[in-house]
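The values are calculated or read from the model by the stated rules, or taken from the named source; none is laboratory data. Because the structure is a prediction, the values reported are computed rather than measured. Virtual Cβ from ideal backbone geometry, glycine too; neighbours counted across all protein chains shown.
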Amino acid sequence: MDAAAAAPAPVIKRQRKARAVPKVRVYSRHRSECKWAGDDTRIGCDCPKQLTWFRDGKLHRVAADTCDGEVAEKKARELMNGFEAAAKGEPTPIPAGALTTLLDDAVKTFLDTKAASGVTEKHKAKLKFELEHFSQFVLGKGLVNLGDIKTEHVVAYRNHLTGAQNTRAKKVFRLIGFFRFCVEMGWIQRNIAQARAVKLKYDDRQTPKALTDSQFETLLAAVQKVNGRTTDDQRRKLRGLLLLMRWSGLAIRDAVCIERARFDRKGTHTSLFLHRAKTSQPVSSSPPPEPLSVPGSSMPLDVSLQDHNTESALGCIGHKGHTAVLLG
């Protein structure tokens, strides 16, 4: 027998096929004093449980919101049933006649559509963060299919939000927009978030906190102490930017981008015409007479303002032609 015949046959490794239906497993997050600490597959203890699965090469973890192993296993089965229904394209009772669509797939399509529509990266990142937070919330309730989410779940998520009133209202508004997109795509029949119980009213009483006169004087005095590679001319323009924000109420982005044509100088009087984008109300702002009555200032206001193009937001403009000097 020659050497070639005696050589062992090569072992052919088969390519592992990805699961069409992810397998959801239950693991324990053992406390330090648990006797089974170190073995997260033991779920018979009274430690918090979590559900994990792989989908599209990505590991997903979500809290099971229980310390009972049996309850966690039931939630795992519900999740797998949802994945299986989505893989088969079976109709879901909510809404009737619609095909099952996974929430993760709906979110991905929504974000891709927004990106292709030309929204900014900042806005897209905000939508992604908020929708991932919503997805984690409903996954904790065993919901993976878009059609299984009801208005009561959206209300529970809305009540779960924390933060300022207007911040929460904006998050709810963007979530309503997501479900409106899902209706337009034919995944659901009605916007489950478009309900009176879900919406939050905006609070018009919230106002920015203004700097005091002494704090603003301290800020101006610090301009001359700016280190780095700044020149005297750059520090002079920075001071002009701060003064523009102070007397016009502009945001920093607006102050940096404002056009010089907006400044109308008539003799010793300089006026600035503004148009408030949020209210569509024209507002006129008159800077103080020159020179400025600010300690250490010997520069006329109109010169320092016209030497840079700036728009800044340490303040806001009122509705009825009033300029609110709100710095901070």
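Just a few scattered comments:
- Top-ranked residue in segment 182-198 [being touching a Phe, Trp or Tyr at 6+ places or on another chain (Cβ under 8 Å) and assigned to a loop (DSSP other than H, G, I, E, B); ranked as nearest to Arg158 (Cα to Cα)]: Ala193
- Hits in segment 98-140 (condition: without any contact (Cβ under 8 Å) to a residue 12 or more places away in the chain and within 19 Å of Ala63 (Cβ to Cβ)): Phe129, His133
- Residue satisfying all of: in segment 48-68; β-branched (Val, Ile, Thr) and more than 15 Å from Val21 (Cα to Cα); surrounded by the most Cβ atoms within 10 Å (Cβ to Cβ) among these: Val62
- Any strands (runs of 3 or more DSSP E) falling wholly within segment 12-129 and containing at least 2 residues that are more than 29 Å from the chain's Cα centre (by Cα) and modelled with pLDDT under 85: none
- Taking the listed residues Leu175, Leu200, Leu220, the one that is in contact with an Asp or Glu (Cβ under 9 Å, 6 or more places away or on another chain) and not hydroxyl-bearing (Ser, Thr, Tyr) is Leu175, with no other qualifying.
- Residue within segment 246-266 that is of a type in the set (Lys, Arg) and at pLDDT 90 or above present: no
- For segment 175-217, filtered to residues that are modelled with pLDDT of 85 or more and among the β-branched types (Val, Ile, Thr), the residue that is nearest to the chain's Cα centre (by Cα) is Ile176.
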